[in-house]
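The values are calculated or read from the model by the stated rules, or taken from the named source; none is laboratory data. These numbers were taken from a predicted model, which means no experiment stands behind them. Virtual Cβ from ideal backbone geometry, glycine too; neighbours counted across all protein chains shown.
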Amino acid sequence: MKTVDDAGCSVVHVDMDAFYASVAIRDRPELHNAPVIVGGGHRGVVLSATYAARTYGVRSAMPMTRARRLCPHAVVIAPDFECVSAVSAAVMETFRSVTPLVEPLSMDEAFLDVSGSLRRFSSPLAIGEHLRARIADEQRITCSVGVAPTPQLAKMASRRGKPDGLVVVPVAEVTAFLHPQGVEEIWGVGEKTTAALHRLGLRTIADVAHTPVDVLQRAMGPRVGARLHALAWGDDDRRIIASRGADEPEHSIGADETFGRDTDDADVVLRELLRLSAKVAARMRAAKVSGRTITLRVRFSDFTTLTRSRTLGYSTSVTPEIYATAVDLFARLGLQRARIRLVGVRVEGLREAAKVPRQLRLDERPFGWEDAEKAVDLAVHRFGRMAVRPATLVEPRQPQAP
DNA sequence: TCTGGGGTCCTAGGACCC
DNA sequence: TCTGGGGTCCTAGGACCC
């Protein structure tokens, strides 16, 4: 094992390599060195690509049309969310066998605070090596690990280790690690912030570090400016928060959908809003939450996007209330034959349903929507999702083929 | 056939209250 | 007569992440 001074490196960041693609090909050895793209759909983007595909310039979030152009012989596979979720859950359990202080950031990455695990393991580096070996062994996929004094640095370190590597950033080498890198390597600095920093003549993290904080604040806003300056010196007050407890629900639940082709047909839009409202409501009830603020999102064919929201005087998790609000917000836009690309419905301000006093409203019937939808949930559970749908979502029966 | 779907967090202005 | 601030909620938009 390398001799690296990892004292003070209490944060480990683990990131699966090309996660969806790795899972998709792990039982298909003939594809192990092939360019494989996971993604698809009619107007989809790349979810994940193997490193063989990346050599052609294919990247995550790239439109599939472009990806296919760059790499016409790539094997395209649709994502298998169930399988990926199962692998994700198993990997997170492996992390928790090292420390309970695991903060998942997504399906395929997590922060671990290992400061309390150093009696069982000799060092943070040893923990990183242990996790990499176990995941390779148990899941037959590779991951990259960053070991560092702060989350930001651990995240940047694992990125530096990709693919299938481990990078330690010793306390004494923080600025040497950070300063040569481009500003765009900072986690949280995307396209817009990179462009803004470039306009200021700041291209490396060292440039940011040596810019007076008030200059950054004037250009980027007080908080972003201060945070960028701190991060450029390796200061990071972000704490690792173990996964939300059951008593702390998500902040919002939403669904949106891009139409197969842009539409200006209000009936099509309304039917989609109903479907999305039903989807969101069902997920809310499954999570046992209700919420007060309903947000409608509309994206037009030129990709401009607007949102409209309304906060109700009560919390809800039932389709008709969410749908009625979304429809009203849509109607108030007063669109005249606008070409619509996407619509979305989101409910925010979520609370545990059990903690929300369910006051009877003036218009509420004794047997309300709530009871009706609980019956629906039960029927769906027993007979499947297609068993119970709003009437307007039921397609006319297709003529039988002879 | 350019640009998914799930989220989080921040900002900024106005309303409203004290 | 002057033109205070602070706090919170709501709304709209934007940046960013995977």
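Assorted remarks:
- Restricting the range A:90-128 to residues that are of a type in the set (S, T, Y) and more than 24 Å from A:A18 (Cα to Cα), the residue that is farthest from the chain's Cα centre (by Cα): A:S122
- Failed condition for A:F81, given (1) farther than 18 Å from A:S106 by Cα; (2) surrounded by fewer than 17 Cβ atoms within 10 Å (Cβ to Cβ); (3) within 16 Å of DNA strand C (Cβ to nearest atom): (1)
One line per residue, one yes/no per condition, for (1) away from DNA strand C (no atom under 12 Å from the Cβ); (2) over 25 Å from A:V356 (Cβ atoms); (3) touching a residue at least 60 places away in the same chain (Cβ under 8 Å):
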{"position": "A:A255", "(1), (2), (3)": "yes, no, yes"}
{"position": "A:D264", "(1), (2), (3)": "yes, yes, yes"}
{"position": "A:V268", "(1), (2), (3)": "yes, yes, no"}
{"position": "A:L274", "(1), (2), (3)": "yes, no, yes"}
{"position": "A:V280", "(1), (2), (3)": "yes, no, yes"}
{"position": "A:R297", "(1), (2), (3)": "no, no, no"}
{"position": "A:T304", "(1), (2), (3)": "no, yes, no"}
{"position": "A:R310", "(1), (2), (3)": "no, no, no"}
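- Within the range A:256-293, the set of residues being crowded, with 19+ Cβ neighbours inside 10 Å, among the small types (G, A, S) and assigned to a strand (DSSP E or B) comprises A:S290, A:G291.
- Among the residues of the range A:191-209, just one is more than 19 Å from A:A230 (Cα to Cα) and more than 27 Å from the chain's Cα centre (by Cα), namely A:R199.
- Test: residue in the range A:168-183 that is free of Cβ contacts under 8 Å to residues at least 12 places away in the same chain and within 16 Å of DNA strand B (Cβ to nearest atom): no
- Residue match in the range A:93-104 (condition: hydrophobic (A, V, I, L, M, F, W, C), at pLDDT 95 or above, surrounded by 15 or more Cβ atoms within 10 Å (Cβ to Cβ) and in contact with a His (Cβ under 6 Å, 6 or more places away or on another chain)): no
- Any hit, the range A:206-222, residues being near DNA strand B (Cβ under 10 Å from one of its atoms), surrounded by fewer than 16 Cβ atoms within 10 Å (Cβ to Cβ) and either without any contact (Cβ under 8 Å) to a residue 40 or more places away in the chain or closer than 30 Å to A:L329 by Cα (or both): yes
- Of the candidates A:A86, A:A52, the single residue that is of a type in the set (A, V, I, L, M), without any contact (Cβ under 8 Å) to a residue 40 or more places away in the chain, away from DNA strand C (no atom under 16 Å from the Cβ) and surrounded by 18 or more Cβ atoms within 10 Å (Cβ to Cβ) is A:A52.
- Meeting the requirement of 1 or more residues that are more than 24 Å from A:G161 (Cα to Cα) and within 16 Å of DNA strand B (Cβ to nearest atom), the strands (runs of 3 or more DSSP E) wholly within the range A:1-71 are A:36-39.
- Candidates in the range A:236-255 are the residues that are of a type in the set (G, A, S) and either loosely packed, with under 13 Cβ neighbours inside 10 Å or assigned to a helix (DSSP H, G or I) (or both); of these, the one that is modelled with the highest pLDDT is A:G245.
- Lone unmet requirement of (1) under 21 Å from A:D164 (Cβ atoms); (2) within 16 Å of DNA strand B (Cβ to nearest atom) for A:V87: (2)
- When residues in the range A:294-327 are screened for being more than 23 Å from A:P249 (Cβ to Cβ), among the polar types (S, T, N, Q) and not in a strand (DSSP E or B), 2 of them pass.
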